[in-house]
């Protein structure tokens, strides 16, 4: 066997050993109750239970983290009969558990909380101007790590009410002539001036633009091309009439 073949064989063997060690020490996480939707609004209540299995005896710490916050002054985490032996603050979104306070190999934890607000309002010291800052919209139901090694994670998309309302308002403005103005209003909203942008969008939404115009209630104008043609035609007719009348007036004066 060639030296290169021996070297490749040793590398593959070492990789397999490392992979087996990682697999053997990694815990598994499963949802045993509750539903985890893909999208949630601010303030929604969420309740579910997860089961953490197959963590090795040499694992010292299990870290559980969620984006949910405490609701009605209730703890986020409930370990059932093991609550008295867990000294960490169960009201915190992130909790570190020493496996000495847990049953060996497997345990369950119920997670209960509400979805946080996605908006922070900052008032200027020098004026009445209020700037809105929006948080990330991808949040976590849970993230479980065993000795810093990721064992399981489940995420959801946060729907921020103020953004949702603004999008619905701006989409009501359908006249394509206002597309440029709509883009500027969106820039205003994204810069943090959300109240001002929302007010402008609402006022623009009140503009009633007819689908078509009528000329003398006879000719129906439905697009810019026809409108421009009519304007040019009227201008030419006016010019011709003016020229004809001007010529006749000149002839009458000469005679």
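The values are calculated or read from the model by the stated rules, or taken from the named source; none is laboratory data. This structure is a prediction, so every number in the text was calculated from the model and none was measured. Reconstructed Cβ throughout: ideal geometry from the backbone, glycine too, with neighbour counts over all protein chains shown.
Observations, loosely collected:
- Residue check for residue 140: out of contact with any helix residue (DSSP H, G or I) (no Cβ under 7 Å at 6 or more places or on another chain), part of a strand (DSSP E or B), touching a residue at least 12 places away in the same chain (Cβ under 8 Å) and more than 19 Å from residue 32 (Cα to Cα): no
- Any hit, segment 153-171, residues being loosely packed, with under 14 Cβ neighbours inside 10 Å and farther than 27 Å from residue 36 by Cα: yes
- Checked against the criterion of being touching a residue at least 40 places away in the same chain (Cβ under 8 Å), over 23 Å from the mean Cα position of the chain (by Cα) and either part of a strand (DSSP E or B) or in the same structural domain as residue 40 (by TED's automatic domain parsing) (or both), segment 124-135 has at least one qualifying residue.
- Failed criterion for residue 74 (all others in (1) at pLDDT 90 or above; (2) over 22 Å from residue 151 (Cα atoms); (3) in contact with a strand residue (DSSP E or B) (Cβ under 6 Å, 6 or more places away or on another chain) hold): (3)
- Matching residues in segment 93-111 - criterion: being within 21 Å of residue 156 (Cα to Cα) and surrounded by 16 or more Cβ atoms within 10 Å (Cβ to Cβ): 93, 95, 109, 110, 111
- Any pair with Cβ under 9 angstrom, 6 or more apart, that starts in segment 186-204 at a residue that is over 21 Å from residue 175 (Cβ atoms) and ends at one that is at pLDDT 90 or above and assigned to a loop (DSSP other than H, G, I, E, B): none
- Some residue of segment 65-77 being in contact (Cβ under 8 Å) with a residue 12 or more places away in the chain, in a strand (DSSP E or B) and either touching a helix residue (DSSP H, G or I) at 6+ places or on another chain (Cβ under 9 Å) or surrounded by 17 or more Cβ atoms within 10 Å (Cβ to Cβ) (or both): yes
- Residue match in segment 112-121 (condition: crowded, with 17+ Cβ neighbours inside 10 Å, out of contact with any strand residue (DSSP E or B) (no Cβ under 8 Å at 6 or more places or on another chain) and either free of Cβ contacts under 8 Å to residues at least 60 places away in the same chain or part of a strand (DSSP E or B) (or both)): no
- In the set (1) in contact with a helix residue (DSSP H, G or I) (Cβ under 8 Å, 6 or more places away or on another chain); (2) outside the structural domain of residue 186 (by TED's automatic domain parsing), the condition left unmet by residue 170 is number (2).
- For residue 87, the conditions (1) at pLDDT 95 or above; (2) in a loop (DSSP other than H, G, I, E, B) are fulfilled apart from (1).
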